[in-house]
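Comments concern the structure below.
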Amino acid sequence: MSRLDELKNDPAFRQAVLAVRGAASTLSGRAMTHEEAEFLVSFALATFANAGGLTEPSLSRLSRFAGKVEPDAGIESIMRH
């Protein structure tokens, strides 16, 4: 299994894909495909990690932010945080 396949099978990655797909579809007015959402999430996560996002203090900031977001939150509630 490739590193990308392993990442795509991660439950958190799959949830992020669903969230990005829903948000992007809402914002763009057209249904985003699952593959397009995977592409965006992959780039966002890789960029975050490469920019030091998996070390402190970024990891703590992400953890505090994620702790405030309900699992089925819509874009409006996420933007309020």
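The values are calculated or read from the model by the stated rules, or taken from the named source; none is laboratory data. Since we're looking at a predicted model, the values are computed, not measured. No Cβ is skipped: glycine too gets one built from the backbone with ideal geometry, and neighbour counts run over all protein chains shown. Side chains are part of the model used for accessible areas, which takes the heavy atoms of the whole protein and leaves out ligands, DNA and RNA. Shrake-Rupley method; radii C 1.70, N 1.55, O 1.52, S 1.80 Å.
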Exercise for the section: Kindly state which helices (runs of 4 or more DSSP H) lie completely within segment 1-60 and contain at least 2 residues that are of a type in the set (Val, Ile, Thr). Expected result: 11-28, 34-48
Exercise for the section: Can you give me the number of residues within segment 1-31 that are closer than 15 Å to Phe43 by Cα and either touching a Gly at 6+ places or on another chain (Cβ under 9 Å) or among the β-branched types (Val, Ile, Thr) (or both)? Expected result: 2
Exercise for the section: Tell me which residues, restricted to segment 34-48, are more than 11 Å from the chain's Cα centre (by Cα) and either in contact (Cβ under 8 Å) with a residue 12 or more places away in the chain or within 23 Å of Glu70 (Cα to Cα) (or both). Expected result: His34, Glu36
Exercise for the section: Would you please list the contacts, defined by Cβ atoms under 8 Å and residues six or more apart or on different chains, that run from a residue in segment 1-14 that is touching a residue at least 12 places away in the same chain (Cβ under 8 Å) to a residue that is open to solvent by 90 Å² or more (accessible area, probe 1.4 Å)? Expected result: Lys8/Arg14
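Out of the residues in segment 52-79 meeting the condition of being modelled with pLDDT under 75 and among the aliphatic types (A, V, I, L, M), tell me which one is surrounded by the fewest Cβ atoms within 10 Å (Cβ to Cβ).
Met79
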